[in-house]
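Following: one structure in C-alpha cells, then a few remarks.
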Amino acid sequence: MWNDVELRDLPACAARLLEEVRQADGFALVREQVAEAEAIDEALIAEMTVGLVKSFGMYRQPRYLHPEAYAWEERDGVRTARIRPLSALLLYWAGGDVSPYVPQMVWGQGLVDYHYEETATENVLEFGATNFDTSGGFELGSLGETLVELAEDDALRELAVFEPLKKLLLVRTLQCAHAAVLQAVKSDAFRELPRAESFRFFATPGHDEPTCLLRHEH
C-alpha cells in the first residue's frame, strides 16, 4: 500500500493524497469522509498523548517487562538484575480480527536495541530483544471510525477514491501520533524512563507496511 520514502515527510504525503482524493472518481460520494480527513484531529492527539505518558510510567514497572529487559551483573558474588535502558518505542497500527481488517488500534513495543537506516528506497528497521509489549493501546478516534465506515461499504471500496482516501486517513493518524510524541516527551514520565540518550519513536501503519521515524529531537 505504501512505499517507504513517502512516509518520511508526512505533511507532504497528506497534501499529495488529499489532492489525489479530490481528483479521483467517486469524490462526490465521500465528501463527508474527506472533510474528516482534511485536518488534524486535536482530540486524538490529546488521547494519544495521555496514552503515551501513561505507558512511560508502566514501562518502569517490572511486571510489564520481558526477561530480555534485564541484564544480569555479579557484584561481590551476588547476581543482580539491572533493567536495560530502552532504545526505541515502536508504535504498531493493529487491524481488527474480522473484516474489514483496517487498523483500529495502536499498540507499543519497547526495543532494547535496534538498527534503523533510510536507503534510497527503503526504511529499514531491525531489532532483536524487546523489553515489553503494551498491556493496552489507544484507538484512532474519529479518523479510525471513518476508516472502518469506508472499508465496510462494499460499493465505496470499488471506487477509485477509496485507496487514496484510506491512505490519507492513516497518514492523518500518523501525524496525530507524531504530534502526541512531541507533547509526551515533555512529561516527567518520559524524563524518568530508563532509556538510551538516542531514544527514538517509530510507527508502522499496518501489517506488512513500512516503518517510519517519528522525530522528536530538537
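Couple of notes before you dig in:
- When we screen A37, A71, A43 for residues that are closer than 21 Å to G108 by Cβ and touching a residue at least 12 places away in the same chain (Cβ under 8 Å), the only hit is A43.
- If you go through the stretch 172-195 and keep only what is in contact (Cβ under 8 Å) with a residue 40 or more places away in the chain, of a type in the set (A, V, I, L, M, F, W, C) and out of contact with any Asp or Glu (no Cβ under 9 Å at 6 or more places or on another chain), you end up with L174, A177, V181, A184, A189, F190, L193.
- Unmet criterion (only one of (1) assigned to a helix (DSSP H, G or I); (2) modelled with pLDDT of 85 or more) for E68: (2)
- Annotation note: of A94, A14, A39, the sole residue that is assigned to a strand (DSSP E or B), within 28 Å of A184 (Cα to Cα), under 21 Å from the mean Cα position of the chain (by Cα) and not acidic (D, E) is A94.
- Residue within the stretch 197-213 that is among the aromatic types (F, W, Y), touching a strand residue (DSSP E or B) at 6+ places or on another chain (Cβ under 6 Å) and at pLDDT 95 or above present: yes
- Any hit, the stretch 93-107, residues being among the polar types (S, T, N, Q) and more than 18 Å from G206 (Cα to Cα): no
The values are calculated or read from the model by the stated rules, or taken from the named source; none is laboratory data. These numbers were taken from a predicted model, which means no experiment stands behind them. FYI the Cβ positions are ideal-geometry reconstructions off the backbone, even for glycines, and counts take in every protein chain you see.
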